[in-house]
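The values are calculated or read from the model by the stated rules, or taken from the named source; none is laboratory data. Every value quoted in this text rests on a predicted model; they were computed, and no experiment measured them. Using ideal geometry, Cβ is built from the backbone for each residue, glycine included, and neighbour counts are taken over all protein chains shown. Areas reflect the complete protein model, heavy atoms only, side chains present, ligands, DNA and RNA absent. Shrake-Rupley method; radii C 1.70, N 1.55, O 1.52, S 1.80 Å.
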Amino acid sequence: MAVTLAELARRFQGRVRGNPDLAIKRAASLDSAGPDDIAYLSDRKFLAKLASTAAGAVILAEPDAAHRAGSVLIVENPHLCFARVAQLLHPAPAFRPGAHASAVISPSARVAASAWVGPHVVVEDGAEIKDDAYIGPGCLVGARAAVGARSRLVGHVVIGDRCSVGEDCLLHPGVVIGSDGFGFAKDGEQWQKVPQLGHVILGHGVEVGANTTIDRGALDDTLIGSGVKLDNQIQIAHNVHIGDNTAIAAFVGIAGSTRIGKRCTIGGQAGITGHLEIVDDVHITAGSLVTTSIRQAGAYSSSLKAEPAEKWRRNAARLHHLDEMSQRLKVLEEKWQQHSEEHDN
Amino acid sequence: MAVTLAELARRFQGRVRGNPDLAIKRAASLDSAGPDDIAYLSDRKFLAKLASTAAGAVILAEPDAAHRAGSVLIVENPHLCFARVAQLLHPAPAFRPGAHASAVISPSARVAASAWVGPHVVVEDGAEIKDDAYIGPGCLVGARAAVGARSRLVGHVVIGDRCSVGEDCLLHPGVVIGSDGFGFAKDGEQWQKVPQLGHVILGHGVEVGANTTIDRGALDDTLIGSGVKLDNQIQIAHNVHIGDNTAIAAFVGIAGSTRIGKRCTIGGQAGITGHLEIVDDVHITAGSLVTTSIRQAGAYSSSLKAEPAEKWRRNAARLHHLDEMSQRLKVLEEKWQQHSEEHDN
Amino acid sequence: MAVTLAELARRFQGRVRGNPDLAIKRAASLDSAGPDDIAYLSDRKFLAKLASTAAGAVILAEPDAAHRAGSVLIVENPHLCFARVAQLLHPAPAFRPGAHASAVISPSARVAASAWVGPHVVVEDGAEIKDDAYIGPGCLVGARAAVGARSRLVGHVVIGDRCSVGEDCLLHPGVVIGSDGFGFAKDGEQWQKVPQLGHVILGHGVEVGANTTIDRGALDDTLIGSGVKLDNQIQIAHNVHIGDNTAIAAFVGIAGSTRIGKRCTIGGQAGITGHLEIVDDVHITAGSLVTTSIRQAGAYSSSLKAEPAEKWRRNAARLHHLDEMSQRLKVLEEKWQQHSEEHDN
């Protein structure tokens, strides 16, 4: 597939400087691009690469265009434009509709004629696979579960019973949707399981990274809003709600019944304990632990940054005596105060 | 399935107030329950919902019963009673014994006549699947591994060679039991693998959450006690022992050869380093890092709580100078001490 | 398989004290070893076990040999020697070449005659499985992906399209190589996906633990050096490079485009943010968060150690006022300074 620079400019509200007839075949980085490729400037610290890149064209913001001699596609937001150009040039692989002979599909499942069910897939009773959905190798779609139109399960994805995936979703290998929530009642020394009877409902345009797990609700449902982007190896517990267009990085854990607002971002390895309310537009830094509700938009943190271990060890050791240190400071302040008063008198 | 309120009271040592003949069909939340459903009060902060719920009946402790006009099942421990009622009304799905045509079962494996082996399952040489066990779609039961009576592997579970799962266990998708422990010997600049020759042995009534991994022992075995409950995405390293009825939340990592006692609870994202001994009845808060043995029951923590990032940044920056700050405090104290002595003289 | 102690000494540059003709059949721990087994002393704190072990032979360093009466294999580095002896006595299970009838192999895939493709495996178009490679049950080898000679995919491993695994690698169940990187461009309130077009390239002798995920590069490639050892449940983001012989423990997350040097070690649950450079021979302690490049070899940390929760709570509470506390200390110092100057005058 090749698209001229002029056509890209027309589609994505840009302006060509240079050769509008240049046929662009691939999106690439400044480092690896060749004469058929289009690249973009991801960070102004790489401005010098504009002189050395072999890219046929580069997507740039107006102020940076002067740094390049060759063809340029000038747009307002180069990163966003590059994303769209790359989507156009590199669509998800096409597939033929149908089902592989090795797929095991319940007679009571409804699979759209335009969908694909891959090898070694299992589709259980009453499940529904909608138009143009792609169910890759080795997936399991549980009883009465649903996969929406144009959604893509890359392979080795598990959708539990009665859970549903919206339209235009992308689920990577190892994703588990609808495992049981972690719910037990104390019974003397033992734990009695509280059956997990809710479902997981994913909105539209959700992406779920490899090996991420989302538990079904205990009684009601776990809800993931439309446009939510989840990185790899995230854990979302039962009854969590996540608002539209929130993006969450790897290893984030969200405990039961917590509500996260819209347009939030949560950095890697952050944790959020259960039964909290986090409003819209909250940003949590990597490695932070949120233990109380957040009622005001903004950035929150409890991250510590690594330093040379020997230095850190001394600082951390003091932290374990900080309460005592604070009391010693208070004593000194009081003595000073008393001393001052005596001398003022 | 429907059970009268009177029958529930009889089975679970409760007392009915209201209509004993009410037929209960489902367990539900106060918010979503209808006239055929039974709910319970999970937290007294929701007392007001007792007036508004459409639930046919509610499980309550004696002191709360006055807050509801309709039918009530009065018990000592509503949460535990609700768990048992829900177990009764919502048993695990029934299955027919046998094996799906697509399952690949070694001729030397022993599969009980009452067990089910699902589609695309692989059961290797000498493995044993015991009475009424359920092996869901896409599982792998390795050579000479064993799955105990009534245990349920939901689907996509891997049981490594010679590992064994006890009776009445529940393993969720993506669980890996018996991957190699992380054992290497330094060989100049390289690492030589130490073959991992032990097994993993799970007791009875163990639940293992989605994508949790438990490594086989290096030479001896990794042991998970009966009644242990493991959430999703936990990592348990080689030769770890976990005592009966310990419950562990998501993302907890336990390093090699550490022993955890009975009835412990470990909060999400906590880490425990290797070769430690943690006694019975220890509770570790979410996000804590345990680096020394714990010889006394109780709660332990090193968690930090997120606050507005700008404020946190200032506090954290000071932490990186805490040792210096402590020394400055000491200097002041000494000066004061000297000053006082001089003035006392 | 049995090997005499004399033969082990010859192969691994050791010296026998005791019976050179002793036939050794297994590697075992001091605790569990019997008369046909060889053990080693993993830590000098277990010296007393040398008197009680039933092991036929023990691998010891010269200074420890006097603590044992029975047969001894004396070597310079007992741990390394034990690793090699165990490798010799316990090789990976042999397999017959070929493919299971249930495997789905594209006609355009190239599978070496000496390789094994297990049950329910899928090998897609143009993929290549090289000499003596073992593809265990339920693996997926994507289109144009490659698995190098003698590499072993234990089972349930996913190798994404066009990714490649070097020679002599070992990949455990649940590993996902080549999931999409987490790349999106902000588009008003929504996120536009940036197609992830790069690959993952694993060097030779790489081990990857269960449920570890490695994302494909956005435009260029994610590179894992030879001899790298990755524990379970690690997440490596797009475009990361990891140098040869670096070893990484469970739950470590490495964000996009970060470069890690050679021979580094990274403790469990550590996090490394994106676009950093970490030089060779850097060691990061468990639970640390690295947010700036590290340009000097050595140990780095930001880990906190759990203490009794009540004590910790008081210390942590003070931390949230540390900036204020630091300012109060400064005020006192200044007052003192002023006071001293006044009294000196």
Unique residue being part of a loop (DSSP other than H, G, I, E, B), at pLDDT 95 or above and of a type in the set (A, V, I, L, M) when the list is B:Ala210, B:Ala185: B:Ala210
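Quick grid of which residues meet (1) of a type outside the set (Gly, Ala, Ser); (2) closer than 16 Å to B:Ser288 by Cβ; (3) out of contact with any Cys (no Cβ under 7 Å at 6 or more places or on another chain); (4) surrounded by fewer than 24 Cβ atoms within 10 Å (Cβ to Cβ):
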site	(1), (2), (3), (4)
B:Thr212	yes, no, yes, no
B:Leu219	yes, no, yes, no
B:Ser226	no, no, yes, yes
B:Ile234	yes, yes, yes, no
B:Ala250	no, yes, yes, no
B:Gly256	no, no, yes, yes
B:Thr265	yes, yes, yes, yes
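Listed here are the residues, each with its yes/no results for (1) within 11 Å of another protein chain (Cβ to nearest Cβ); (2) over 30 Å from A:Asp168 (Cα atoms); (3) at pLDDT 95 or above.
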| site | (1), (2), (3) |
| --- | --- |
| A:Arg44 | no, yes, no |
| A:Val58 | no, no, yes |
| A:Glu76 | no, no, yes |
| A:Phe82 | yes, no, yes |
| A:Ala86 | yes, no, yes |
| A:Ala92 | yes, no, no |
Could we say that C:Ile272 is open to solvent by less than 40 Å² (accessible area, probe 1.4 Å) and closer than 30 Å to C:Arg150 by Cα here? no
Near pairs, Cβ below 7 angstrom, 6+ apart or cross-chain, from the stretch B:125-144 (at positive phi and away from every other protein chain (no Cβ under 14 Å)) to any residue that is in a loop (DSSP other than H, G, I, E, B) and of a type in the set (Ser, Thr, Tyr): B:Asp132/B:Ser114
Conditions first: (1) in contact with a His (Cβ under 9 Å, 6 or more places away or on another chain); (2) open to solvent by less than 10 Å² (accessible area, probe 1.4 Å). B:Ile159 passes all but one, so which condition is the exception? (1)
If I filter the stretch A:79-89 for residues that are touching a strand residue (DSSP E or B) at 6+ places or on another chain (Cβ under 6 Å) and basic (Lys, Arg), do I get at least one hit? no
Could you please find all residues in the stretch A:330-345 being within 7 Å of another protein chain (Cβ to nearest Cβ) and either crowded, with 20+ Cβ neighbours inside 10 Å or part of a loop (DSSP other than H, G, I, E, B) (or both)? none
Counting only residues that are among the hydrophobic types (A, V, I, L, M, F, W, C) and open to solvent by 30 Å² or more (accessible area, probe 1.4 Å), which one in the stretch B:280-324 is nearest to the other protein chains (Cβ to nearest Cβ)? B:Ala299
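Return the only residue of C:Val111, C:Val122, C:Val117, C:Val104 being buried (at least 23 other Cβ atoms within 10 Å of the Cβ), without any contact (Cβ under 8 Å) to a residue 24 or more places away in the chain, within 12 Å of chain B (Cβ to nearest Cβ) and over 21 Å from C:Thr4 (Cβ atoms).
Working: C:Val111 fails: within 12 Å of chain B (Cβ to nearest Cβ); C:Val117 fails: within 12 Å of chain B (Cβ to nearest Cβ); C:Val104 fails: buried (at least 23 other Cβ atoms within 10 Å of the Cβ).
Exactly one of C:Val111, C:Val122, C:Val117, C:Val104 is buried (at least 23 other Cβ atoms within 10 Å of the Cβ), without any contact (Cβ under 8 Å) to a residue 24 or more places away in the chain, within 12 Å of chain B (Cβ to nearest Cβ) and over 21 Å from C:Thr4 (Cβ atoms), namely C:Val122.
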Filter result (open to solvent by less than 20 Å² (accessible area, probe 1.4 Å) and in contact with a helix residue (DSSP H, G or I) (Cβ under 8 Å, 6 or more places away or on another chain)) within the stretch A:46-55: A:Leu50
Of residues in the stretch A:234-264 being away from chain B (no Cβ under 12 Å) and not in a loop (DSSP other than H, G, I, E, B), the one farthest from A:Phe184 (Cα to Cα): A:Ala247
Considering each of C:Asp231, C:Asp244 in turn, give the residue that is touching a Phe, Trp or Tyr at 6+ places or on another chain (Cβ under 6 Å) and touching a residue at least 24 places away in the same chain (Cβ under 8 Å). C:Asp231
Looking at C:Pro35, is it assigned by TED's automatic domain parsing to the domain that holds C:Val85 and either part of a loop (DSSP other than H, G, I, E, B) or buried (at least 19 other Cβ atoms within 10 Å of the Cβ) (or both)? yes
Return the residues of the stretch C:164-206 that are more than 13 Å from chain A (Cβ to nearest Cβ) and either under 21 Å from A:Leu171 (Cα atoms) or surrounded by fewer than 24 Cβ atoms within 10 Å (Cβ to Cβ) (or both); say none if nothing qualifies. C:Ser164, C:Gly166, C:Glu167, C:Asp168, C:Leu170, C:Ile201, C:Gly203, C:His204, C:Gly205
